[in-house]
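Participant: Would you mind keeping the following structure in view while I ask a few things?
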Amino acid sequence: MNKTRARVVVSKDGPYLVSGDVRLSKQTIVTDQQGGSESWEESTLFKPQQTYALCRCGHSASKPYCDGAHAKVGFDGNETASRRPYLSEARTIEGPTMVLTDSEKLCAFARFCDPNGQIWNQVERSDDPAIRELFVRQVGNCPSGRLVAWDKKTKMAVDSAYPVSIGLIEDPAQACSGPIWLRGGIPVIAADGFEYEVRNQVTLCRCGQSQNKPFCDGTHAQTKFTSA
């Protein structure tokens, strides 16, 4: 999946250590007229760096970068996320031409699953080409990797072709800043050296309050975390 040297190491009670000259930008959720999540808008491309440290305690005064605040606030970055493969924990919903797998605890509350009657209903109508197109697009926009669309005939995942890059999610509709979005199959290494399953896209907590560290669980939306 990832053919670069890019990787993210979760330091113990400290920042995410990024290496491999990974492109970093702001990614904003754009909504439709009804307020539903519709697309992504990229802005604020950060200066390229071979290595950098991203704040994960939520207290840095130099966000998105770490400034050592984790030590001052006594941040507990204990990793509680499951280390089992995604498919061993996801539920499966079968439609006529598509299959949806869903691991709810990975939800980052980006809400791309909700428009057009929700993807859980769309998969059951995937024999309609128009519905199938909506289903694939909306699932592909889910940044956390909670949802994966599968072609029932080929049994292959229909993944979005994201470049190896990192996005800092902003969510104006919820008036908050979202997680760190890893795209293109970037390996994530735990503080104890364990390598999490490499996936096309995952979201890492940056508010410091997820109960599923290092991954986002949507807590930023409840606490109205902001990167400002």
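Participant: So which of Ala81, Ala69 is closer than 18 Å to Val8 by Cβ, modelled with pLDDT of 95 or more and among the hydrophobic types (A, V, I, L, M, F, W, C)?
Facilitator: Testing whether each residue is closer than 18 Å to Val8 by Cβ, modelled with pLDDT of 95 or more and among the hydrophobic types (A, V, I, L, M, F, W, C) leaves just Ala81.
Participant: Ser37: surrounded by 19 or more Cβ atoms within 10 Å (Cβ to Cβ), closer than 29 Å to Asp114 by Cα and modelled with pLDDT of 95 or more, yes or no?
Facilitator: Spelling it out, Ser37 is indeed surrounded by 19 or more Cβ atoms within 10 Å (Cβ to Cβ), closer than 29 Å to Asp114 by Cα and modelled with pLDDT of 95 or more.
Participant: Enumerate the strands (runs of 3 or more DSSP E) found wholly within region 146-228, keeping only those where 3 or more residues are in contact with a strand residue (DSSP E or B) (Cβ under 7 Å, 6 or more places away or on another chain) and either outside the structural domain of Lys26 (by TED's automatic domain parsing) or among the small types (Gly, Ala, Ser) (or both).
Facilitator: So the answer is 147-151.
Participant: Out of the residues in region 174-199 that are in contact with a Gly (Cβ under 6 Å, 6 or more places away or on another chain) and not β-branched (Val, Ile, Thr), which is surrounded by the most Cβ atoms within 10 Å (Cβ to Cβ)?
Facilitator: Restricting to residues being in contact with a Gly (Cβ under 6 Å, 6 or more places away or on another chain) and not β-branched (Val, Ile, Thr), the top hit is Trp181.
Participant: Mind checking which residues of region 102-137 are outside any helix (DSSP H, G or I) and under 16 Å from the mean Cα position of the chain (by Cα)?
Facilitator: Asp102, Ser103, Cys107, Ala108, Phe109, Ala110, Arg111, Phe112, Cys113
The values are calculated or read from the model by the stated rules, or taken from the named source; none is laboratory data. Owing to the predicted nature of the structure, the values given are computational and were not obtained by experimental measurement. Cβ: placed from backbone, ideal geometry, glycine included. Neighbour counts: every protein chain shown.
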